[in-house]
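*Asks:* Would you mind keeping the following structure in view while I ask a few things?
The values are calculated or read from the model by the stated rules, or taken from the named source; none is laboratory data. Here the structure is a predicted model, which is why all the values come from computation and not from measurement. As a convention, Cβ positions derive from the backbone with ideal geometry for all residues, glycine included, and neighbour counts pool all protein chains shown.
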Amino acid sequence: MMRFVYVSTCVPGLELEDVYSIMRTANPTNRKHAISGMLCWSGEFFLQCLEGDRASLSRLFSRICGDPRHTDVELIVAAPTNLRWFSEWGMGYSRLLASHQLDLPNTDASGFNPYLLQASELEATFEQLSKVAQRLSLD
C-alpha cells in the first residue's frame, strides 16, 4: 500500500460547490478502488492525502493532475505505508477556516501555505485537519 500527498493551487473563482462536486465523484470512486483519503481546501490551495495500492493511486493522480480546477500540482509524498490514516473514509473533507484556530506549521497572518510543509509535518497536520473534517451529505 502507498500514500500520496500533494498540494495544488486552486484556479481563481473556485467555489464551495466546485469542491462538493469533486467530493460527490471522489467518495464512490475511491471506495470502489479501495482508496481512502482526505481533501483539505483553504479557498486558495488544496492539500490531499490518498492511500491505496500503487497502480490505483498512479491512475488517480494522473487524472488529478489534468483537472482544470487547480494548477501547480506538486506531489510531496509518495511512500509505502502499512497504516491508513483515513481507513474509514473514501474521501474525508476539511475546509480550512480562520475560525478553526489550528496549530498548523507554516501558518501565519497571511494564512496556510501547504507548499511549505515538510513530509515530517504531514501526519500531525492531517490529524488536526481530520478533527475539523466535515462528513458531507452529497446525495
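*Asks:* For the stretch 3-24, enumerate the residues that are of a type in the set (K, R) and within 24 Å of E123 (Cβ to Cβ).
*Replies:* Going through the stretch 3-24, the residues of a type in the set (K, R) turn out to be 3, 24.
Within the stretch 3-24, R3 is the sole residue that qualifies.
*Asks:* Here's another thing I want to ask about it. Can you confirm whether the stretch 49-60 contains a residue that is modelled with pLDDT under 95 and within 14 Å of T125 (Cα to Cα)?
*Replies:* Within the stretch 49-60 (the criterion being modelled with pLDDT under 95 and within 14 Å of T125 (Cα to Cα)), the answer is yes, since at least one residue qualifies.
*Asks:* Do the conditions hold for C40, that is, is it assigned to a strand (DSSP E or B) and modelled with pLDDT under 90?
*Replies:* Details: assigned to a strand (DSSP E or B): yes; modelled with pLDDT under 90: yes.
Judged against the criteria, C40 is a match.
*Asks:* Oh, and also: Whether any residue in the stretch 45-64 is of a type in the set (G, A, S), exposed (fewer than 13 other Cβ atoms within 10 Å of the Cβ) and closer than 25 Å to N113 by Cα is what I want to check. Even if it seems obvious, please write down each step before you answer.
*Replies:* Step one: filter the stretch 45-64 for residues of a type in the set (G, A, S), giving 52, 55-56, 58, 62.
Restricting the remaining residues to those that are exposed (fewer than 13 other Cβ atoms within 10 Å of the Cβ) gives 55, 62.
So of that shortlist, the ones also closer than 25 Å to N113 by Cα come out as 62.
Yes, the conditions are met somewhere in the stretch 45-64.
*Asks:* Could you tell me which residue of the stretch 105-139 is modelled with the lowest pLDDT, considering only residues that are surrounded by 14 or more Cβ atoms within 10 Å (Cβ to Cβ) and assigned to a loop (DSSP other than H, G, I, E, B)?
*Replies:* Out of the qualifying residues, it is L138.
*Asks:* Further question: Among the residues in the stretch 44-51, are any in contact with a strand residue (DSSP E or B) (Cβ under 7 Å, 6 or more places away or on another chain), assigned to a loop (DSSP other than H, G, I, E, B) and touching a residue at least 60 places away in the same chain (Cβ under 8 Å)? Show your work before the answer.
*Replies:* Step one: filter the stretch 44-51 for residues in contact with a strand residue (DSSP E or B) (Cβ under 7 Å, 6 or more places away or on another chain), giving 44-51.
Narrowing the set further to residues that are assigned to a loop (DSSP other than H, G, I, E, B) leaves 44.
Next, from what is left, pick out any that are touching a residue at least 60 places away in the same chain (Cβ under 8 Å): 44.
Yes, that holds for at least one residue.
*Asks:* Then there's this: Considering the stretch 76-93 alone, what residues qualify as being in contact (Cβ under 8 Å) with a residue 40 or more places away in the chain and in a loop (DSSP other than H, G, I, E, B)?
*Replies:* Going residue by residue through the stretch 76-93, those that are in contact (Cβ under 8 Å) with a residue 40 or more places away in the chain are 76-82, 84-93.
T81, N82, R84, W85, F86, S87, E88, W89, G90, M91, listed by residue number.
*Asks:* Same structure, new question: Which of the residues that make up the stretch 23-36 are buried (at least 21 other Cβ atoms within 10 Å of the Cβ) and either among the basic types (K, R) or in contact with a Lys or Arg (Cβ under 9 Å, 6 or more places away or on another chain) (or both)?
*Replies:* If the condition is that a residue be buried (at least 21 other Cβ atoms within 10 Å of the Cβ) and either among the basic types (K, R) or in contact with a Lys or Arg (Cβ under 9 Å, 6 or more places away or on another chain) (or both), then S36 is the only one that fits.
*Asks:* Related question: Name every residue in the stretch 26-41 that is under 14 Å from the mean Cα position of the chain (by Cα) and among the hydroxyl-bearing types (S, T, Y), in order of residue number. Even if it seems obvious, please write down each step before you answer.
*Replies:* Just the residues of the stretch 26-41 that are under 14 Å from the mean Cα position of the chain (by Cα), to begin with: 26-27, 30, 35-41.
Result: S36, single match.
*Asks:* Among the residues of the stretch 12-35, how many are among the small types (G, A, S) and farther than 17 Å from D53 by Cα?
*Replies:* Of the stretch 12-35, the ones among the small types (G, A, S) are 13, 21, 26, 34.
Subsequent filtering for residues that are farther than 17 Å from D53 by Cα retains 13, 21.
Total satisfying the criteria: 2.
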